[in-house]
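Below is one structure, written out as structure tokens; the observations come after it.
The values are calculated or read from the model by the stated rules, or taken from the named source; none is laboratory data. These figures come from a predicted structure and were not determined experimentally. Here the Cβ is made from the backbone with ideal geometry for all residues, glycine too, and neighbour counts use every protein chain on show. Accessible surface areas use protein heavy atoms only, side chains included; no ligands, DNA or RNA. Shrake-Rupley method; radii C 1.70, N 1.55, O 1.52, S 1.80 Å.
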Amino acid sequence: RTIKETEYDVLEGVECLNYYAGVANSLGGHVYNLPGGRGANLAYALREPLGVTLGIGAWNYPLQSVLWKSAPALAFGNAMIFKPSEYTPSTALWIAHCYHEAGIPDGVFQVVLGGREVGAELVLSPEAAKVSFTGSLESGRNVYEMASKGMKKVTLELGGKSPLIIFDDANIDNAVSGAMMANWYSSGQVCSNGTRVFVHTSIMDQFVDGLVERTKKLRIGDPMDPNTDIGPMAHILQRDKVLAYIDIGVKEGATLLYGGTQVDGLGEEFRDGYFLLPTIFTECSDDMTIVNEEVFGMVMTILSFSTEEEVISRANNTEFGLAAGVFTKDIQRGHKVVQKLKAGATWINNYNLAPMQLPWGGHKHSGVGSENGLSAIEAWTQWKSVYLEMGDLYCPYQ
């Protein structure tokens, strides 16, 4: 990822910490006066922390991952053991140092490094009362199964194959911007990316021409250069996976309109880097592999549609349900369509923004439960009810 992108992660991290510091101060319960034999009895419900919780983060957004999990967990009184991805361990270690400097007691936030075997041991540990996992669908299923053996509370944020619908009345420039944000950001390594781009037939040529023209202008290179738009893939396995999907797309008959190859000519310093050109496929159909499976790279598939009813049905025809976007000048249509889309996070005339006030979680196979916003209260606390008898106990037995 480029430095231009990751600077926003820092600002978002500050927002996350500030938000939950405020929410924690307002966390309360409920009090009830109940009728009793000699007067009103008292009952109340209160929130309690879960205890020791476990966070397992993803490699694509290491700072966001550790803060989205640890900030609400700690703010609501829990301890956390966090296992970052083995590809990006240093960010979590740095956050642990920051927490220590801020005065969080030793042991309340701990980082454990390792691969899948370490993650499995932590999930199975009887000490962990809650597991929060971000990663692939396959890994999420394994985590869910292991956590169920201990009846643990679980939230999962998994993969996606999200639709981005562009109606005929959309602002074309904004729609192109949205499609680029939904596919090129973080070199395409974003779970919520809108990689199935449905474009109304009447504006297809205009949209595609604008998309290709602007994509060609993207600056690919040194991720530490603030002028760079696109950096390398995270690691060689991900690069090779994306290239394999591009090959499948060509073999299955999609038109490779732009990109789809490694980038040359970046100089000796980046000769061995994992740089790819953004990939645009047109003439796609709903049954193609690149349309159905999560690629996790810059592979945009463009599909045409004619009617609102048709595109909603096709957009929902997936096992995933993490995100979706709609571009239209008709706000009534926008509201109506997103309500019919089976996705946890949706946008109208924008894409891939995640303000801290809103819950984040997927539908269907894209996840279990939600975090962020006030939904984090449910994710990181549990209820306890208390009944207080104010009079003598009535007993029907002699």
2 or more residues at pLDDT below 95 and either out of contact with any helix residue (DSSP H, G or I) (no Cβ under 8 Å at 6 or more places or on another chain) or open to solvent by less than 40 Å² (accessible area, probe 1.4 Å) (or both): qualifying strands (runs of 3 or more DSSP E) within region 29-120 = 30-36, 39-49
Any hit, region 317-330, residues being among the acidic types (Asp, Glu) and under 17 Å from residue 351 (Cβ atoms) | no
Meets criteria (of a type in the set (Ser, Thr, Tyr) and free of Cβ contacts under 8 Å to residues at least 24 places away in the same chain) for residue 301 | no
Name, by its number, the condition in (1) without any contact (Cβ under 8 Å) to a residue 12 or more places away in the chain; (2) more than 27 Å from residue 85 (Cα to Cα); (3) among the small types (Gly, Ala, Ser) that does not hold for residue 244.
-> (2)
How many residues does region 87-115 hold that are farther than 15 Å from residue 54 by Cα and aliphatic (A, V, I, L, M)?
-> 4
Tell me, please, whether a residue that is over 27 Å from residue 141 (Cβ atoms), of a type outside the set (S, T, N, Q), open to solvent by 60 Å² or more (accessible area, probe 1.4 Å) and in contact with a Pro (Cβ under 8 Å, 6 or more places away or on another chain) can be found in region 272-290.
-> yes
Would you please list the contacts, defined by Cβ atoms under 8 Å and residues six or more apart or on different chains, that run from a residue in region 86-104 that is without any contact (Cβ under 8 Å) to a residue 12 or more places away in the chain to a residue that is open to solvent by 30 Å² or more (accessible area, probe 1.4 Å) and not in a helix (DSSP H, G or I)?
-> 100/106
Buried (at least 17 other Cβ atoms within 10 Å of the Cβ), touching a helix residue (DSSP H, G or I) at 6+ places or on another chain (Cβ under 6 Å) and within 29 Å of residue 167 (Cα to Cα) - does that describe any residue in region 369-380?
-> no
Tell me, please, whether a residue that is open to solvent by less than 40 Å² (accessible area, probe 1.4 Å), closer than 30 Å to residue 211 by Cβ and not small (Gly, Ala, Ser) can be found in region 132-153.
-> yes
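Residues are listed down the side, and each one gets a yes or a no for (1) surrounded by 23 or more Cβ atoms within 10 Å (Cβ to Cβ); (2) more than 30 Å from residue 285 (Cβ to Cβ); (3) under 22 Å from the mean Cα position of the chain (by Cα):
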| residue | (1), (2), (3) |
| --- | --- |
| 128 | no, yes, no |
| 163 | yes, no, yes |
| 168 | no, no, no |
| 184 | no, no, yes |
Specify which of the listed residues (253, 231, 273, 249) is of a type outside the set (Ser, Thr, Tyr) and at positive phi.
-> 253
Verdict on residue 293 being under 19 Å from the mean Cα position of the chain (by Cα), over 22 Å from residue 257 (Cβ atoms), surrounded by fewer than 22 Cβ atoms within 10 Å (Cβ to Cβ) and not aliphatic (A, V, I, L, M) | no
Considering only region 309-349, state which residues are within 16 Å of the chain's Cα centre (by Cα) and within 22 Å of residue 204 (Cα to Cα).
-> 324, 325, 347
